[in-house]
Structures are given as C-alpha cells and as structure tokens.
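Visitor: Pasting in a structure now, in structure tokens, and then I'll have a few things to ask.
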Amino acid sequence: MSSSDIENGFFPDEVILQILARLPIKPLFRFKCVCKLWYKFPSNKYFIQLYNQVSLSNPMVLVEIMKSFYVQSGYICVDRLRGVSEFSLEFLKDRVKVRASCNGLLCCASVPNKGVYYVCNPMTRDYIMLPRTRERPMTRFHPDDEATLVGLAFHTSTCKFNVVLAGFYRPFGRRPLDSFICLVFDSEINAWRRSISSRTEEFTHMNKNQVVYSNGSIHWLTYSCLYILALDLANDMWRKIPLPDQIVGGSGNRLHLLELDGSVSVIRISDSWMSIWVLKDYLGDEWLETDRVSLRCIKGLVPSVFPISQTSEIVFLATQKQILEYHRKSRVWKEVYAVINSFTYPLWFSAHAFRSTIVSCNQGVNYS
C-alpha cells in the first residue's frame, strides 16, 4: 500500500491517527517523511491531545542505572507494551539527577552545579534551563543551593508548568530554622516567586522522591506518615491532608504516595498485604480503599517492594534489582525487568513514574 493510497482515503484519517497515537516517539517522528499528511500529525493539536490521552493508559517507569562507580549513570524506560529501552539525558550536556516527573516531563538538578535545574522531555530531547533563583549563587541557605523538596507540575491542556523548590532556612554552619522557604517557577511568566512560612515537617530521602501533582497542587508524604503536605499552586498556600486512620500506624507497615487516574493515592505495604487507597473527595479529605492484595506469592521480595506507578489496570513496583508488574483484575504478578550488574544500587532508589508525550516544554514558557 503506497502513501498516496492512504492520503486518498484508503484508510480514514481517524484510523491512521489511532494507529500512530500508539507508536513510540522515535518512530513517530521518523515516519513524518512518509507523506505530507503524516508529516503534520506530530504538530497537530488534536493529534497531540489524542497521543497524550492514549499515553495515560500506558504508564512507564523511568530508572537510573549505575553501571559502574566510575561511569556516568544511564537510564532505562520500562514500558509494559513495548518492553525495556535505554535512553540518555546527554542532550542536557550536564551531569544531572532526576528529581521529579510529571506527565512526560522531567525536572533534573545539575550535580556539579548546585542550584541549576532543567525541565526536559526526554522523548523529544527538548529542554530548557531554568533561570537562577538568585543573581549570585548562594551557598548558605536552602533551597537556593539544594532544595529539600522538588516538585514538578505540568498542565497538559495549557502546556504550562511549575517547578517547586522548598526547604528550611539554614544559616551557614548552623541547624535549620523553622522558616520554610518556597520558590515556585511559573513558565507563563518565566520567573520565580518566593514565599516563607513556618513549618516543622520532616522528610526522608524516599519521601522526597514521592511527589504527586493532582487537583492543582503538588503533594509530598511526610516522614511521620500521618498526613500529606500539599502546596496549592494557585495561591501558594500549604495544606495538610490527613491519612485515613485505617492505614496510619502499625509496626512494619510502609506507606507510599502515588497518583491514580488523576487522584492522590496511598499504598500501604505490610508483611502480607498491599492495600490501595484513593482520595475520592479532595476537599473533604475522604479516602476510599480500592484494592487489597495478598503478597504471599512474592513474600521474599516484600521487604524491598516499592510501588512506583499505577493505573486502574496495573501497578508497577520496584525492588532492589527488579521491576514488577501487578495486574489488578487478573491478580497476576510479572517480572518485567531485572538487573544483573552488581554495581547498581536499589532500583527503587531512583525510579520514577513516567509516560510518553510529544509536547514541548518550551511551549509553555514566556520569554518576553
């Protein structure tokens, strides 16, 4: 079948769109040379919305892989439909660490140059370097140097995004004070805004990695695991969301903050069970338990199981050297990736929820 047959209507345009919307990013852009019709698709507003909608039902896991202590880390993308593929962030021309992921975009922090942050789309290799939070680099205070909390919110409908850096004010050589400094980058005005509040929350390393954007707010699970700390991006107001009494407390239980179909979700892991809770009434703090899963068939892996991403169909979990997939309807567990290299630190240490998108992060930035 020739491209002219397709252009002349051998297949309806909608059928072609549905097929192309299920392709990986690289072949999609490579197929632009097939014909004029296909060339326009990746920049067509309707097709972009369709592609992003299809991607919502196909979650992926992004994992940093350390092949050696002397070689820069690489990255893999675990895709349940297309398998495992390697990709690089070398297009940033900097050594970076992924700090947050949202709707196909990544927020990366420069490792050698503290205080330098990038927002990029690794699938299209499109990126921007955020302006410095200060004219002169600061070394005595958080979060100008290295933020305690980093969050990313990407609004797919408007292509605008926000980056949040938050941490405690700390005079040089002294303990942090209770002044909680928050910096929010707004791509619509290409600038940072700053606010200060009094907070006493604590966060572990893994709490910092668990960042969820939902309902116009960015959420983090606190160290106490008694509540979620949320920042409303519309008015820079912090809010505490209490967790349900049924999942708070208990020795040996671990809580993990995730997103589920646009809602805030918490997964509780115990020795034998995994329970999934969703915040159904966001303003009323009403939680609903949607799943209760036995962990007996993976009992030896339970101590290191760490939920990374989920939809109404599947849950991705990471262990020290594996990525697991749990099918919620069939209740079947499946190993989708395993690492052999002994240099690699635990996969859950640097795993992030991810999905494919063809939106440019530069579209939402106003450079004027």
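Only the coordinates and a few stated rules stand behind these numbers; no lab work does. Keep in mind it's a predicted model, so treat the numbers as computed, not measured. Here the Cβ is made from the backbone with ideal geometry for all residues, glycine too, and neighbour counts use every protein chain on show.
Visitor: Could I have the simple spin-label model distance between Ser157 and Ala338, label points 7 Å from Cα toward Cβ, reported in nm to one decimal?
Guide: 4.5
Visitor: How much length, in nm to one decimal, is gained on full extension between Arg292 and Gln49, taken as 0.36 nm per residue of separation minus their Cα-Cα distance?
Guide: 84.1 nm
Visitor: Using +1 at the C-beta of Lys and Arg and -1 at the C-beta of Asp and Glu, which of Trp273, Phe316, Ser304 has the Cα lying farthest in the positive direction of the dipole of the stretch 265-319?
Guide: Farthest towards the positive end: Ser304.
Visitor: Any of Lys93/Lys160; Lys45/Lys160; Lys93/Lys114; Lys299/Lys334 with alpha carbons more than 19 Å apart? Name them for me.
Guide: Lys93/Lys160
Visitor: While we're looking at this one, here's another question. Per 0.36 nm of contour for each residue apart, how much would the distance between Cys35 and Gln320 grow if the chain were fully extended, relative to their Cα-Cα spacing?
Guide: Gain on stretching Cys35 to Gln320: 98.0 nm.
Visitor: Let me ask another. Neighbour counts of other C-beta atoms within 10 Å: give me Tyr345, Tyr127 arranged from fewest to most.
Guide: Tyr345, Tyr127
Visitor: Arranged by the count of other C-beta atoms within 10 angstrom, fewest first, what order do His327, His155, His352 take?
Guide: Working: His327 13, His155 17, His352 21.
The fewest-first ordering by Cβ neighbours comes to His327, His155, His352.
Visitor: Within the stretch 296-337, list the residues whose amide N lies under 18 Å from a label point set 7 Å along Cα→Cβ of Asp271.
Guide: 296-305
Visitor: Sticking with this one: Over the stretch 193-279, what relative contact order in percent results from Cα pairs under 8 Å that are six or more residues apart?
Guide: Rounded, it is 20 percent for the stretch 193-279.
Visitor: Suppose R0 equals 30 Å. What FRET efficiency, 1/(1 + (r/R0)^6) with r the Cβ-Cβ distance, do Tyr282 and Glu202 give to the nearest 0.05?
Guide: So the FRET efficiency works out to roughly 0.75.
Visitor: Along the Cα→Cβ direction, 7 angstrom out, place labels at Val84 and Ile189. What is the inter-label distance in nm?
Guide: Roughly 4.6 nm, to one decimal.
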